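Have a look at the structure below before the remarks.
Any read-out appearing in this document is the output of simple, stated calculations on the displayed coordinates, not a laboratory observation. The structure displayed is predicted, hence computed values, not measured ones. Don't worry about glycine lacking a Cβ; one is built from the backbone with ideal geometry, like all the others, and counts go over all protein chains shown.
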Amino acid sequence: MDKKLIFSGIQPTGTFTLGNYIGAVRNWGPLQDEYNCIYCVVDLHAITVKQEPAKLRKNTLDAYALLMACGIDTEKSILFIQSHVKTHAELNWVLGCSTQFGELSRMTQFKDKSKRHADDVNSGLFTYPVLMAADILAYNADLVPVGVDQKQHLELARNIAQRFNQRYGELFTVPEPYIAEIGAKVMSLQDPTKKMSKSDDNPNACILILDDKDTVIRKFKRAVTDSEAEVCYREGKDGINNLMTIYSSVTGKSFDEITSEFAGKGYGDFKLAVGETVADHLAPIRSEFDRLIQDKAYLKKCYTEGAEKAQRYSQRIVSKAYHKVGFVDKA
Ligand code: AQP
């Protein structure tokens, strides 16, 4: 039987957080052996909020190298930069005409980001999920590994695919979400009721995967917890629950094992252990990134070849979509 196809992307809006890593990117590498994988740096999505052009260019290359440092192998997977492959924007328009205004109005990310960026509530921010649907459907992906925060967008992509298929005839695979059992929503270290986010203004709220060991430990030491002293996973202990989730996903230990390990010890010991474990886990990624980012020629070769493969793959599907909606075929 043919291998199933995986597609996922990440925005180059800054260095990946531990949330991006645990909830999404860390899982992408191991999937390469079992599935055909297509991954991309979604720079078109990034400009839905204001970006400084030079910084966006740098962040995009950094994100590409970071994905490789996190285990994406360009020999096994197609890894590319979204703006290099024109089919995404082409399909975006067609799918936008199969998406209702009311559906987009219900997206919680739009509500949240339009509050945070009240001076720039642009139409791209509103139609972001249509472009995300185009990213996925242009490859007829079966599975999309994402964090929990993207589940609503994926539901919408499924609805768009089904609606298109009903209206114009079967074309798109209806994609399924692929969500990690542990760590699908890593929370902010400063406000554990909010997800950890790259664009958080408070630098202590998130661990960046290129933070050095001292910084990682310092941020964990400052993490907001509660006034008890018991390391256990329980409702109402958002800060500790978050640290336990992080520790569990990095060590593979269960919550019960973690509770036993820290029985009779204070939060100080626990935070230090989480900090050291996470820092040691991230160290090889940091050194591989430092190596790759020096080699711009190699990166260019990889992203150019990745874009060519992605263009070829998606063009067949997008041309079929254009034909189905009634556009005249190009000679
Ligand atoms: N805190 C999180 N916990 C688990 N998974 C997360 N993801 C994001 N934050 C967490 C997952 O990471 C993947 C890439 O996300 P993205 O860069 O495309 O956009 P995002 O979800 O908007 O991530 P950020 O960090 O919050 O970016 P900004 O601040 O730029 O908006 C996705 O699979 C996402 O689910």
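The amide H of LEU210, built 1.01 Å from its N in the peptide plane, has no neighbour under 5 Å, considering only residues 5 or more places off or on other chains. Contact order, relative form, for the chain: 22 percent (alpha carbon pairs under 8 Å, 6 or more residues apart, mean separation divided by residue count). You can think of it this way: the chain between LYS194 and ASN165 has 6.8 nm of extra reach, that is 0.36 nm per residue less the Cα-Cα gap.
Computed log10 I(q)/I(0) for region 239-314 at 0.14, 0.18, 0.20 Å⁻¹: -0.64, -0.75, -0.83, from the Debye equation with unit scatterers placed on every C-alpha and solvent omitted. Spherically averaged projected area of the convex hull of Cα atoms, region 203-290: 5.6 nm². Gyration tensor over the Cα atoms of region 1-150: the corresponding equivalent ellipsoid has semi-axes (square roots of 5 times the eigenvalues, largest first) of 25, 19, 14 Å.
When Rg and Dmax are taken over the Cα atoms of region 144-290, they come to 18.7, 64 Å. With the simple model of a label 7 Å out from the Cα in the direction of the Cβ, CYS97 to ARG116 spans 3.3 nm.
Using the Cβ-Cβ distance between SER254 and SER123 with R0 = 45 Å, the FRET efficiency computed as 1/(1 + (r/R0)^6) comes to roughly 0.45.
Diffusion coefficient (Stokes-Einstein, Kirkwood radius over C-alpha pairs, 4 °C, 1.567 mPa s) for region 139-206: 93 µm²/s, rounded to a whole number.
Averaged over all directions, how much area does the convex hull of the C-alpha atoms of the chain cover when projected, in nm²? Over all viewing directions, the chain projects a mean Cα-hull area of 18.5 nm².
Restricting to Cα pairs below 8 Å that are 6+ residues apart, what does the relative contact order work out to for region 96-153? Please round to a whole percent.
Working: 21 pairs, mean separation 20.5, N = 58.
After rounding, I find 35 percent.
For region 1-43 versus region 312-331, the inter-centroid distance based on Cα atoms is 27 Å.
Once the piece of chain linking GLU235 and ARG106 is laid out straight, how much longer is it, given 0.36 nm per residue of separation minus the C-alpha distance between them? Don't jump to the answer; show the numbers that get you there.
On the way: separation 129, 0.36 × 129 = 46.44 nm, distance 2.81 nm.
Length difference between fully extended and current span is 43.6 nm.
What is the extension gain from ASP226 to LYS300, computed as 0.36 nm multiplied by their sequence separation minus the C-alpha to C-alpha distance, in nm to one decimal? Don't skip to the answer; put the middle values down first.
On the way: separation 74, 0.36 × 74 = 26.64 nm, distance 4.76 nm.
Full extension from ASP226 to LYS300 adds 21.9 nm.
For the residues ASP256, ASP280, ASP212, a GNM of the chain with alpha-carbon springs under 10 Å puts the largest fluctuation on ASP256. Helices meeting the span-like rule in the chain (full DSSP H runs, Cα extent of at least 18 Å along the helix axis, mean Kyte-Doolittle score of 0.5 or higher): 123-137.
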